Protein chains: 2
Amino acid sequence: MTAAPRASAQRRHDTEHRLDHDIDLWVASASPDGDPYLTPLSFDWDGEALLLATPAKSPTGRNLAATRTVRVALGHTRDVCMIEGTVEVLEMSALPTDQGDRFAARSGFDPRTLTTQYRWFRISPRRIQAWREVDELADRELMRDGRWLV
Amino acid sequence: MTAAPRASAQRRHDTEHRLDHDIDLWVASASPDGDPYLTPLSFDWDGEALLLATPAKSPTGRNLAATRTVRVALGHTRDVCMIEGTVEVLEMSALPTDQGDRFAARSGFDPRTLTTQYRWFRISPRRIQAWREVDELADRELMRDGRWLV
């Protein structure tokens, strides 16, 4: 690696760029008795919260509804944006139409049109970290208790 | 996407290629009371098990020691190799030297030399799935109950 560690402001900029433009992320959840789950899903971001959609009866759907906590990663293993958040669960009909339309346009699929019962999962970030490699582990914390530090 | 869904044999080939050549993976674990954790780590693969190293007192280290279960992903959100496995925990001194050397050579770091207390986590796959996009969700199962299906 030749680049110097990024300043915190640059990391926030890069993180918000991913939130605005990436299509997929990794979703880690757990059952109430400690069985881990991980899967990639598409998402949308409205500037304050992430929006996911997955079947109500899938492992992720069941875990998020039960525990209301999630850890998601954007990017790659050597360019990580890690987000811990709290989860709000919404039935398909409970989300304003324009927000569902926006999700469908960004993700390329519209969960409102499927026969399988999907739910929306709205994730409010509480903690955000961003780092590339070991030299960026310091200063990786960008948000704490739901507030940007930079 | 122009490519047709890969045959199962091709998916196993691609999965073993990643296991043999990739450096990092995503590690999803959970605390016994259902708090999810996710982080990227380096790994080695000896043809039968994955080898990780992480601090004993890190969230991943504590979760894996407590629950002995893990879900790891190699690849990208649209080229996924997902592995569920059981976890064996080893102190640094308990691993044969050649295996530690091999891990250090592949990962670029040697956890045996650090002042922080690390442990080895040996993951035996029980279930392996591989898929790229929606058209590959069928037939994604490549290993079940620790046995390759293809």
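The values are calculated or read from the model by the stated rules, or taken from the named source; none is laboratory data. Note that the structure is predicted; figures quoted are calculated from it, not measured. Note: ideal-geometry Cβ built from the backbone for every residue, glycine included; neighbour counts use all protein chains shown. With ligands, DNA and RNA removed, areas are computed over all heavy atoms of the protein, side chains included. Shrake-Rupley method; radii C 1.70, N 1.55, O 1.52, S 1.80 Å.
Using the 7 Å Cα-to-Cβ label point, sort the distances from A:Ser8 to its equivalents in the other copies shortest first and give them in nm to one decimal.
Relative to the other copies, A:Ser8 has label-point distances of 5.3 nm.
Using the reciprocal of the averaged 1/r over all distinct C-alpha pairs, how large is the Kirkwood radius of chain A in Å?
By the Kirkwood definition, the hydrodynamic radius is 15.9 Å.
Considering every pair of different Cα atoms, what Kirkwood radius, in Å, is found for segment A:72-150?
Over segment A:72-150, the inverse of the mean reciprocal pair distance is 14.7 Å.
Give me the net charge for the shell around A:Ser31: Cβ to Cβ below 12 angstrom, other residues only, Lys and Arg +1, Asp and Glu -1.
Computed value for this residue: -2.
Can you tell me the Rg and Dmax of segment B:68-115, counting just the alpha carbons, in angstroms?
Spelled out, the Cα radius of gyration and Dmax of segment B:68-115 are 13.8, 38 Å.
To the nearest whole number, what is the average tally of beta carbon atoms from other chains within 10 Å of the beta carbons of peptide A:22-33?
Averaged over the peptide's residues, the number is 5.
Chains B and A: how much accessible area gets covered up at their contact, both sides added, probe 1.4 Å, in Å² to the nearest hundred?
2300
Between the DSSP loop rule and a limit of at most 16 other Cβ atoms within 10 Å, which GluC sites (Glu not before Pro) in segment B:31-113 are left?
B:Glu48
Which values, in whole Å and largest first, are the semi-axes of the equivalent ellipsoid of the protein assembly as shown obtained as the square root of 5 times each eigenvalue of the Cα gyration tensor?
In descending order, the three semi-axes are 30, 24, 18 Å.
Can you tell me the relative contact order of segment A:86-150? Whole percent, Cα pairs under 8 Å, sequence separation 6 or more.
Dividing the mean separation by the residue count of segment A:86-150 yields 31 percent.
Using a 1.4 Å probe over the heavy atoms of the protein chains, calculate the carbon and sulfur portion of the accessible area of the protein assembly as shown as a whole percent.
About 47 percent, which is the carbon plus sulfur part of the accessible surface.
Within the set of other residues whose C-beta is less than 13 Å from the C-beta of A:Leu19, count the net charge using Lys and Arg as +1 and Asp and Glu as -1.
Its environment carries a net charge of -4.
For A:Arg112, which inter-copy label distances result when the label point lies 7 Å beyond Cα on the Cα-to-Cβ vector, reported in nm to one decimal and in ascending order?
The projected label point of A:Arg112 is separated from its counterparts by 5.9 nm.
So what is the relative contact order for chain A, in percent, with contacts set as C-alpha pairs under 8 Å and at least six apart?
25
Give me the three principal axis extents of segment B:11-98 from the C-alpha atoms, as integers in angstrom, largest value leading.
34, 34, 17
Just to be sure I understand the model, the point goes 7 Å from the Cα along the line to the Cβ. What's the resulting A:Leu137 to A:Asp35 distance in nm?
The answer from the label model is 3.3 nm.
Where the centroid of each part is defined by its Cα atoms, how far is segment B:1-42 from segment B:112-140 in Å?
With segment B:1-42 and segment B:112-140 each reduced to a Cα centre, they are spaced 5 Å.
To the nearest 500 deg cm²/dmol, what mean residue ellipticity at 222 nm is calculated for chain A from DSSP H runs of n ≥ 4 alone, each contributing -39,500 (n - 2.57), summed and divided by the residues?
Computed ellipticity for chain A at 222 nm equals -7000 deg cm²/dmol.
May I ask for log10 I(q)/I(0) of segment B:1-50 at q = 0.15, 0.21, 0.27, 0.31 Å⁻¹, from a Debye sum over the Cα atoms as equal point scatterers with solvent left out?
-0.62, -0.86, -0.98, -1.10
Between A:Ser93 and A:Ala105, what length comes free when the chain is fully extended (0.36 nm per residue of separation minus the Cα-Cα distance, one decimal in nm)?
2.6 nm
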